[in-house]
Every structure is written in C-alpha cells, then in structure tokens.
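Below is one structure, written out as structure tokens; the observations come after it.
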Amino acid sequence: MELTQGWSTVLPPGIAERYELRETRNAAAVLAATSAVEFGEVCAVLAEFALTTADLVEAGGNESRLAARLNAAFRSRGWREGRVDTVVTSRLQVQPWAPAGEAGVTVRESEVVNEGYKVDNVKGRVALDVEWNAKDGNLDRDIGAYRALYDAGLIDGAVLLTRTHDDLRDLARELARAAGRSDDEVRSRLSTSTTTHLGKLESRMTRGDAGGCPLLAVAISRRCWVPADGERDRPARPAPLMLTDEFAP
C-alpha cells in the first residue's frame with residue numbers, strides 16, 4: 001500500500017519538525033476533517049511532549065513510564081481505554097408445514113463471543129495507542145483492533161505513537177556514557193531489534209495490514225529530546241581511543 005502525505009497539510013510545522021510521520025489513506029487529513037476536536041487534542045499532546053534524558057538513560061520501567069505519561073495526557077482530555085469484542089449470532093429459522101398442522105416458525109440460535117484486544121485511548125471516532133518500546137507483536141494487535149473497529153463503522157481512523165530506532169539508540173548511548181554508565185549499560189540502551197519502532201510499523205502499513213482504516217504513525221525522534229537544566233544541548237561524543245606505544249602498530 002502506498003503511503004500518503006496528507007499530514008503535511010494539516011499538522012502544525014512544529015510537530016512535523018520534531019516527529020517522524022507516516023500515514024495511509026491520508027489519515028491526518030481525514031481525522032482533521034471528521035474529528036477536528038480529537039485531532040486538535042492529539043496535536044496538543046504532541047506539542048507539549050518532551051523526551052527527557054531519564055527516559056533514555058534510567059534502566060527499569062522507563063518505557064512504561066513514558067507511555068503512561070502520554071496516556072495520562074490523553075486521559076486528562078477525556079480519552080479512555082477501549083476494547084474490541086466481536087459477537088456473532090447465528091439464527092436458524094425452521095418454517096412450518098401446514099399439512100402437518102404446524103403454524104409457528106421454530107427458531108434456533110447460537111452465539112459466539114470473541115473477546116478482542118484493548119486500545120489504549122478512544123475518543124469520539126478516533127483510536128490511539130502508545131507503543132514506545134514494547135514487543136513488536138503489539139503492533140499486530142493494535143492494527144487488528146483498528147481494522148475491526150473501522151470495518152464495524154465505529155471509528156474513522158487511528159493514530160499510533162511509537163519511536164524511531166537508530167537516532168534514539170545513538171542518543172541514548174551517548175547520554176548513558178555521559179552519565180557514567182558501564183559499557184554493558186551503554187550497549188543495552190534501545191538495542192533490542194524485536195521491540196516497537198517506526199521501521200516495524202511502516203512495513204505493516206505498506207503491506208496493508210490496517211485494511212481500509214486510515215492510520216497515522218507518529219514516531220518520537222531524537223529531535224524531541226529536551227536537555228534538562230545544566231545539560232548541554234547535545235551530549236559530547238566520547239573521544240576516540242588513543243593507542244599507547246605498547247599497542248601502537
């Protein structure tokens with residue numbers, strides 16, 4: 001499926017400059033037209049968000065804290081968690097046969113309930129998930145939920161917040177090194193290739209996993225990082241290793 005660039009006409013320039021954006025079926029333009037209030041709230045949350053050094057350096061749960069921070073921003077604006085459930089009812093109507101003295105229709109029913117997946121945030125006709133650094137299988141769950149909601153006529157489009165990969169990994173390692181973390185800790189920063197990021201999401205979008213549902217992907221990038229007071233605007237890269245005479249060629 002071809003990616004579109006409807007976002008370039010409706011997103012504020014500051015957001016387009018800080019985040020990496022992808023979309024299918026002109027999702028941003030669709031949402032701006034059909035769900036102006038909700039789309040404005042998405043833009044407001046993105047404009048207010050800042051990526052901190054702690055988000056990238058501190059080990060143990062920072063991914064969930066960052067996601068919780070974003071989800072709380074949506075909750076405060078009236079967005080709520082939702083779940084997609086499917087109920088299929090099959091009805092067999094057996095018609096009466098007058099010569100046998102039958103008068104009424106006999107009805108037999110069976111019902112199958114499939115409990116679906118949760119969506120982090122739903123408001124109006126928009127669904128939105130935050131996948132900062134989770135298992136990449138979450139993307140299949142999210143996109144499947146969007147497709148089901150859209151096919152049922154319950155939403156007009158969806159937004160999925162994730163992150164970029166290489167630039168944030170490099171920044172995280174620079175910050176961890178500047179903070180005096182060990183070599184193992186430095187190497188571990190955002191190094192896993194099986195977690196959610198824009199590359200994983202984009203491949204699912206281009207193969208059409210969302211079906212007819214317009215989907216806007218917003219990826220937190222290095223450009224979202226805001227240094228705290230006292231931090232340099234850009235962490236210093238480590239000086240190259242100098243070989244002593246003993247080890248020099």
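The values are calculated or read from the model by the stated rules, or taken from the named source; none is laboratory data. Just so it is clear, the structure is predicted and the values come from calculations on it, not from any experiment. All Cβ positions, glycine included, derive from the backbone under ideal geometry; neighbour counts span all protein chains shown. Quick note on the areas: whole protein, heavy atoms, side chains included, nothing else; ligands and nucleic acids left out. Shrake-Rupley method; radii C 1.70, N 1.55, O 1.52, S 1.80 Å.
Could you grab the Rg to Rh ratio for segment 140-211? Cα atoms only, Kirkwood for Rh.
Reported Rg/Rh (Cα atoms, Kirkwood Rh): 1.18.
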Quiz item: Any idea of SER64's accessible area? Nearest 10 Å², probe 1.4 Å.
Solution: 70 Å²
Exercise. Compute the longest continuous run of the chain that contains no exposed GluC sites (Glu not before Pro); treat a site as exposed when its DSSP state is not H, G, I, E or B and it has at most 10 other Cβ atoms within 10 Å.
Key: 116-245
Quiz item: Roughly how many percent of the accessible protein surface of segment 61-217 is carbon and sulfur, given a 1.4 Å probe and a whole-percent answer?
Solution: 47 percent
Exercise. Please report how far the C-alpha centroid of segment 161-176 lies from that of segment 39-102, rounded to the nearest whole angstrom.
Key: 27 Å
Quiz item: Given the convex hull over the Cα atoms of segment 1-131, what projected area results after averaging over all orientations, in nm²?
Solution: 13.7 nm²
Quiz prompt | 10 Å Cβ shell holding at most 15 others, DSSP loop, chymotrypsin sites (Phe, Trp or Tyr not before Pro): longest site-free stretch of the chain | solution = 98-246
Quiz item: How big is the chain on each of its three principal axes, counting only the C-alpha atoms and giving the largest first in Å?
Solution: 109, 40, 34
Practice problem: Could you calculate the contour length gain from VAL226 to SER110, that is, 0.36 nm times the residue separation minus the distance between their Cα atoms, to one decimal place in nm? | Solution: 36.1 nm
Exercise. With all protein chains present, calculate the accessible area of VAL107 using a 1.4 Å probe and round the result to the nearest 10 Å².
Key: 80 Å²
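Residues of the chain: accessible area per residue at 1.4 Å, in Å²? Intermediate results must be reported in sequence, preceding the final value.
Details: 13320 Å² over 249 residues.
For the chain, the solvent-accessible area averages 53 Å² per residue.
What percent do you get for the relative contact order of the chain when only Cα pairs under 8 Å and 6+ apart count? Provide the component values of the computation, followed by the final result.
Details: 419 pairs, mean separation 64.2, N = 249.
Here the relative contact order equals 26 percent.
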